[in-house]
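The values are calculated or read from the model by the stated rules, or taken from the named source; none is laboratory data. Everything quoted here is computed from the prediction, not taken from an experiment. Here Cβ is always computed from backbone atoms with ideal geometry, including for glycine, and neighbour counts include all displayed protein chains. Remember, those area values only see protein heavy atoms, side chains included, never the ligands or the DNA or RNA. Shrake-Rupley method; radii C 1.70, N 1.55, O 1.52, S 1.80 Å.
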Amino acid sequence: MNGGEFDERLSCFISDLESLTSEVPLPESSLLDLEFLLPSPSSAKSSAFSDDAAFPLWSHLAAAGLSPSSLVRPLSAAMDLPSSHTSLLAARVYLSLILTPSAPVLSLFSPLAFISLLSSLRQALKPLPSPPSPDRRRKRKQGRAPRGNQRVDDSPDVGDLLPIVLDLLDSVLSRIRLDSSLDGVKSLVDTVVAILSSSTTDQHRLSGVCFRILYSAVSRPEHGDQTAIAVDVLRSLARVVLSSPLKSALRTATISFIACKIAPLARENGEVRKALVYFPRYLASNAPERAEPRAATVDAILEVVRAFEKDEQIGFAEYVVKMAQGKWQLRLLAVDLILGLLTSLPDPLGVCESMESSSCWGVKCLKALLLRCSDSMGGVRARALTSMAQVIEYLSGDARNSARLQDGVAFRNAKFNELLRKRCSDEKAAVRKAALFLITKSTILMGRPIDELVLKTVGSACMDPLVSIRKAAVSAISEVYRQFPDEGIISEWLHVVPRLTADNETSVQEECENLFLELVLDRISRASHVSISDTAKDLESILPEGVLALLKGICDGEVLPCVRKICSSLGKKKMLKPSIAISLANIISISESLCMRNCMSIERWTAPIGAWQLLSEVSLFTPKAVEWKFLLHHWKLLDKAKEDKGGTPDGEEPSSISWARDRVSLLQTISNVSVLLPPVDASDLAADLLRQIDEFNMPSSEVDAHVKALRTLCKQKAVSPEEGDELIGKWVHQLLYGAQKILESCMSTLSETVKTDGFLTPPSGQMKGKDEVASSKSFSQAITAAFTIGSLVLIYPSADLHGIVPLLHTMITSGKPGSEKTKLASLTISVKEMEPSLYVHSWVTMGKICLVDDKLATRYMPLFVQELENSDCAALRNNILVMMVDFCVRYTALVDWRSSYKLLAGELSSQILRGDKREGVRESCRNLRSGSKQVLPKRKNVICSSGGGTERRELIYSHGEKPPGRRVGVESD
């Protein structure tokens, strides 16, 4: 610094000071002169403590007869000026004077001047003026500017002055005392927090120095009551936390300052601790109601509480428990806080200290949370259930917490099961979803399967209208299945999850398929390498847990169609592994070996229920995984059992239903792998199938399987498609000829019976019994022949039916007015009265023929409508309804031609809906009404009365498949 210039400016400043009155602000030129005389800001702090040399100004003021206090009022007035630059310049000079060596601090510091200083800081928060243009600066003349213009050339602008003044203020707080001015401390806190909250904070990065000033105000006892100051600081910072954007840097820095600076100070200072303890409670009482701001407030509270001592943490937890009994806003906040406390604080259940569970703060929080699960507000209930699930998931990771969780929540209590059941049926969707989430997370901790009523409720939730709840319910019941794969849970899972493959939400369908692959097919595939041990006594002890229950559940009539659809979808996506088919074949082979080991007759053995059915679905996509030797062996075994089913050496009859079902599935499996069969074996099998069909003595379900398998073999082994069609045509016409002869023979038998019954003497008892047996066998063969005709027509629509259609027409119109005009006029009795089952199958066969012949369908439509109106047979009415729906879908023009039919069908369906006692018929009527929309039933069960007995019939239809591939008819198990 030039000594001559220093002396010159010092003299000018003293002269200006002497000429001023006490209330006149110091002019800017004098402020610049005084600033020139002061040390630089970087050296001011160091010179304040390390330089012992006195500042020359003080000696010159004494020589001029001026006291240091004569500077205070002009500087204070300058700091009150409306110009931000001048006021900040005065504040900088004032603070620098206090920091000069040997400065008379008591004379310079004044509460009024300090208030003016803070006012200049608040004045600086106004929008900053735009900086001068660089071009204008270049146009100024070179050389030393006059003192009045020095601000434009050399002085920093407001944005540069504000950090300097704040930095000086932080240093000054260590040299002054504010305990005599409580308003000054409060104003200081408000000003600094206002600077933090202003837009200039991020721009000039002032948050660091602001937090240092606040820390100095709290940590120094010379500034007054530390508790009161800490309360003011924390209350002001709480407003920053609550009003700042959720992810702002200021909010993060404020919370970090409290947790990392104030909290450590509170551990050493009891006065500050008193204020800090109530800071989380203040935030909680002022938390916003909106979800996101409330969650951010909870995070802020928890971060501060984590910095507490253990006693303060326990005290806050007890406060939260009491808060859970307040207004609904406080209850909702308390639920979130309990979740945070239990998952963020160490040892919440007191397992490390071996303290009683009743006195542990974590158990008290759990009980309060459980109580909120039954809150009157739906939002509180939902949050409480979700929080409980998250707490269980977090704490159950430590085995030591399991017992305490059981005591706190009482999972095995009947009241808890009742709570889950009610919440799963809650009127609020969020509550239902949260309850399902709780079941998912608490399954492991329960240690046993959930209550049966709760399980049924979860299963019902899988059909909830909301997609999110269906997904949550599927996840819950699947988790229960993973942990406790017993037969009851497996049965419930199979009845609710696979049917979601028909869900209208694609994501639900995909999740259902993935779960089926994981929980069913992958479990079954584990049996691919299982072998029989010497000590094994039954199949259940050999196979993995739950496999037999899975296979049994798959066979359920409601589950099997869904399983077929899932396997088809997974197969098309190439997600079916060969190990599944290998495991199923292994299970069947092991079951047979156990039967032989136990010296049982092979006629009494049946494969595990469901094994063949699932293998028939999987083998379509994994044909190489099934060995032909295995299939040939079991085909011969099942065929032999069929021939010998009259009885066993022990006099016990085999399970004919199981054998028949297995034969159908085995035929389907053979069809799937037929492309890989050796030519000779394929030829022998085809001949065997044709021979069995030609005997016309099989159940209808086996007829259909034999026909399809024979068609597949011909197509796969033919050199060309034309050759395959030619082969199929040959044996189709052969079988149709045989079926026609059987039907004609049956009709002749009926006619002869009618003629002879009126003139001959009744036969003796022995002769009557033989005649009844022969007649029963003839009728049974005729029923099979009629069904076979329908199956053949669907696979070969071009077959010649000129001799069969009149015969069927005679059978379905026999005994009715106008039937004497038919070609077979000799039949004057009613087939419906003589053999009702043959009558029903004749109608079904006629319907299948109409599906492949539109002209015939047009002719016979009035007969179908008439029979639907007059028939008293539920099975026949149901089948006719289905056929009419098929006609609407197959022949769209038919509906236009027969508009009167459409009106009649609607009227009939309305009448039957009101009066028919059969649920299957009523359901078919509802589908008939929507026939024009191409809506067909997936599955129906009807009770068909045939003759003197009542048997259960199952109808399985495939809607999107066009004839001749569609199968319509009555099929008995």
Report summary line: Scoring the stretch 494-561 by relative contact order with C-alpha pairs under 8 Å, at least six apart, yields a percentage of 33
Query raised in the report: How would you order 574-584, 322-332 from highest to lowest mean count of nearby Cβ atoms within 10 Å?
Result: 574-584, 322-332
Query raised in the report: Got the relative contact order for the stretch 385-470 handy, in percent, Cα pairs under 8 Å and 6 or more residues apart?
Result: 34
Report task. Could you rank the peptides 866-873, 296-303, 587-594 by their average count of other C-beta atoms within 10 Å per residue, with the highest value first? Result -> 296-303, 587-594, 866-873
Query - Cα shape, the stretch 188-293, gyration tensor, a/c 1.5 rule - result: oblate
Report task. Could you tally the net charge around Lys629, taking each other residue with its Cβ under 12 Å from the Cβ of Lys629, Lys/Arg +1 and Asp/Glu -1? Result -> -1
Report task. Rank these residues by their accessible area, most exposed first, probe 1.4 Å: Lys261, Lys717. Result -> Lys261, Lys717
Query raised in the report: Going by the alpha-carbon gyration tensor, a ≥ b ≥ c the square roots of its eigenvalues, is the stretch 439-564 rounded (a/c under 1.5) or, if a/c is not under 1.5, prolate (a/b greater than b/c) versus oblate?
Result: prolate
Requested in this report: Work out how much length Ala502 to Asp486 would gain on full extension: take 0.36 nm times their residue separation and subtract the Cα-Cα distance, in nm to one decimal.
Outcome: 3.2 nm
Query - Computed over the stretch 199-334: relative contact order in percent, which uses C-alpha pairs under 8 Å that are six or more apart - result: 21
Report summary line: Computed over the stretch 62-108, the convex hull of the Cα set has an average projected area, in nm², of 3.4
Report task. Take Arg470, Arg604 and sort them by solvent-accessible surface of the protein heavy atoms, 1.4 Å probe, largest at the top. Result -> Arg604, Arg470
Report task. At 1.4 Å probe size, with no ligands or nucleic acids counted, give the accessible surface of Val664 in Å², nearest ten. Result -> 40
**Report entry** Span from the the stretch 52-112 Cα centroid across to the the stretch 223-255 one, whole angstrom
**Finding:** 32
Report summary line: With label points set 7 Å from each Cα along the Cα-to-Cβ direction at Leu246 and Asp556, the distance between them in nm comes to 4.3
**Report entry** Residue-span extension gain [Asn697 to Thr343] - 0.36 nm each, minus C-alpha spacing
**Finding:** 120.3 nm
Requested in this report: Order Phe437, Phe279, most accessible first, counting only protein heavy atoms with a 1.4 angstrom probe.
Outcome: Phe437, Phe279
Requested in this report: Enter the Cα centre distance for the pair the stretch 501-528 and the stretch 551-611, rounded to the nearest angstrom.
Outcome: 17
Query raised in the report: So how far, in whole Å, is the C-alpha centre of the stretch 354-419 from the one of the stretch 705-740?
Result: 68
Requested in this report: Once you've got the Cα coordinates, tell me which of Lys574/Lys708; Lys247/Lys310; Lys629/Lys708; Lys777/Lys848; Lys636/Lys717 are over 27 Å apart.
Outcome: Lys247/Lys310
Query raised in the report: Using the per-residue mean of other Cβ atoms lying within 10 Å as a proxy for protection, in what order, highest first, do the peptides 851-859, 728-736 fall?
Result: 728-736, 851-859
Query raised in the report: With every protein chain present, what accessible area does Tyr215 have (1.4 Å probe, heavy atoms only), rounded to the nearest 10 Å²?
Result: 80
Query raised in the report: Using a probe of 1.4 angstrom, how much of the accessible area of the stretch 459-574 is carbon and sulfur, in percent?
Result: 47
